[in-house]
Amino acid sequence: MSIQDEKSKSSRREFLRTAAVTAAASAAVPAVAKSSVYSLAPQRVLGANDRIVIGHVGMGGQGMTHLRLLKENAEANLKNNTSQVAVCDLYNKRTNEAQKALGLTDSQKFSDYRKLLEIKEIDAVWVTTSDNWHAPIAIDAMKAGKHVYIEKPMCKTLEETFALYDTVKSTKRILQVGSQGTSDPKYHAAQKMVAEGKLGTVVQAQGSYNRNGKGGEWNYYEINKDASPTATGENYVNWEVFRKGTEPAAWDPDRYFRWRKYWEYGTGLVGDLLPHRLNPLFIALNIPTTGTDGYPTRVASLGGLYVQKINPETGKMDRNVPDMINLNADFEGGPSLMLMSSCVNEQGWPEMLRGNKATMYIGGDSVEIRPEAVYADDVEGDKIQMPGGEPIEKHERNFLDCIRTNGVPNCNIEIAARVQTVISLGELSFRNGKMMHFDAKTRKAWG
């Protein structure tokens, strides 16, 4: 069978599968919400000076980054006052490395996240697994009485989006999505300008997140050739749990270590890179987040796998996610949102909000407003400097502060659910080859 024939056969299978996902998204009560083994646990009330006790699920590269930053900031007494007491991963080597980094005992490391959640002293859980496990772990954590910091994308499917939303509301736990751009002050400054009407009516926004690399995006994730589900000791990987019932059933180290390249476990560019722009732009645009307002009405994605088709190491198809994607989203009454992500060309679009009276440029440490020519006498140009950027530790601290004050984090569930709806519809649009429509009142998607 030729590669083209195999691609056609694969595309047909993907179409049928994603059509089923779309139908599942219409369910009024998401099935994932019923799967939790936890009844609602009581929440420990924390004072301003109380230490926040943390557990980690997922100890890959990003999980270890969080562990290191939290440890460094706690040691430097930078007001986070945390203690990291438990780690969990499906790969023994990663769990051992995290255990060593924190000086934990064997009783403080786990391969089953449910055992970690049984530790009553834990106040917050960092979820840094593959995308397909974000929602189940976060839902169980909140039902076990824990606050949750969850890496982007918040989850994998539309169904999971609203299961998470409903769980946050019912448990009253704090959830922060790890899109640290939402803690960059320039987007909040932009939001204030938009709210003051300095752009007039905002009709369109654009942004991009592009990369390029000769070896192929995500192929820089190292593969341990000794790791497998049949290995012993630190090389053991629980592949059955990781794949979560998806095919192929046979062990594939590329799929485990470079899971972002495959729809079965990740969301490719649309979920890995676009949230870096989507979440901050959502704030800048001042899109409403009350009730059912602020959800997209339709989303369309175009693109393809143009360059990174064949893995030079194996001679086989390298991935089933695109290496270039464009996503358009419409909101009721505006604006229209246009985004691009590429891992085969690094030239992106300038980050821009277009109003009928003025255009806003966002970049670096500044926000600039330039009047439209016909409104030059009515609107003043403006440029403000907003240093701060988007360091991860700043976003972490926002989450920790909100736990202590019962505050609203910068990437809270209201923003995250609306952005994730765009992401999930964007994935479905690309995989089904059609525009996806969405009704926020019924939570139904169709295309």
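Bear in mind that the values in this text are calculations on the coordinates, not laboratory data. Everything numeric here is computed off the predicted structure, so don't read it as measured data. Here the Cβ is made from the backbone with ideal geometry for all residues, glycine too, and neighbour counts use every protein chain on show.
Quick look at the values:
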| item | result |
| --- | --- |
| Local electrostatic count, GLN206, Cβ distance below 11 Å [Lys/Arg +1, Asp/Glu -1] | +1 |
| Helix-only [θ]222 nm of the chain, DSSP H runs n ≥ 4, -39500 (n - 2.57) each, per residue, nearest 500 | -10000 deg cm²/dmol |
| Simple label model, 7 Å out from Cα along Cβ direction - GLU332 to VAL307, nm | 4.1 nm |
| Residue-span extension gain [LYS244 to MET435] - 0.36 nm each, minus C-alpha spacing | 65.9 nm |
| Under the Karplus curve 6.51 cos²θ - 1.76 cosθ + 1.60, θ = phi - 60°, whole-Hz ³J(HN,Hα) for segment 374-388, x wherever Gly or Pro sits | 6, 10, 4, 8, 9, 10, 8, x, 7, 9, 10, 9, 10, x, x |
| Exposure proxy ranking, count of Cβ atoms within 10 Å, fewest first, for HIS134, HIS395, HIS437, HIS56 | HIS437, HIS395, HIS134, HIS56 |
| Lysines whose Cα lies under 21 Å from that of LYS214, excluding same-chain neighbours fewer than 8 positions away | LYS261, LYS309, LYS316 |
| ASP377-TRP349 FRET efficiency (beta carbon distance; Förster radius 25 Å; 0.05 resolution) | 0.25 |
| Lysines with Cα under 20 Å of LYS186, excluding same-chain neighbours fewer than 8 positions away | LYS198, LYS383, LYS394 |
| Among (i) 22.9, 75; (ii) 21.9, 74; (iii) 21.0, 72, the entry that matches Rg and Dmax of the Cα atoms in Å as calculated here | (ii) |
| Segment 302-434 pair-distance distribution - Cα-Cα, 5 Å bins, rounded % | 2, 7, 11, 12, 16, 16, 15, 11, 6, 3, 1, 0, 0 |
| Virtual spin-label span in nm between THR201 and GLU368, 7 Å along Cα→Cβ | 2.8 nm |
| Alpha-carbon spread of segment 240-293, three principal axes, descending order, Å | 47, 22, 12 |
| Set of aspartates and glutamates near LYS357 by C-alpha distance (under 18 Å), chain-local residues within fewer than 8 positions excluded | GLU196, GLU368, GLU372, ASP377, ASP378, GLU380, ASP382 |
| Per residue convex hull volume, Cα atoms of segment 62-183, in Å³ | 111 Å³ |
| Segment 130-185 shape via C-alpha gyration tensor axes, a/c threshold 1.5 | oblate |
| Stretch gain in nm, segment LYS192-GLU121, where the contour uses 0.36 nm per residue and the Cα spacing is subtracted | 21.6 nm |
| Binned Cα-Cα distance frequencies in segment 140-233 - 5 Å width, integer % | 2, 8, 11, 12, 12, 15, 17, 12, 5, 2, 2, 1, 0 |
| Euclidean distance between Cα centres, segment 251-269 to segment 72-126, Å | 25 Å |
| Which listed pairs, of LYS109/LYS146; LYS152/LYS434; LYS71/LYS93, have C-alpha distances above 23 Å, in listed order | LYS152/LYS434 |
| Average Cα contact separation per residue, the chain, under 8 Å, 6 or more apart, as relative contact order % | 20 percent |
| Efficiency of FRET from Cβ geometry, LEU104 and THR314, R₀ 35 Å, rounded to 0.05 | 0.40 |
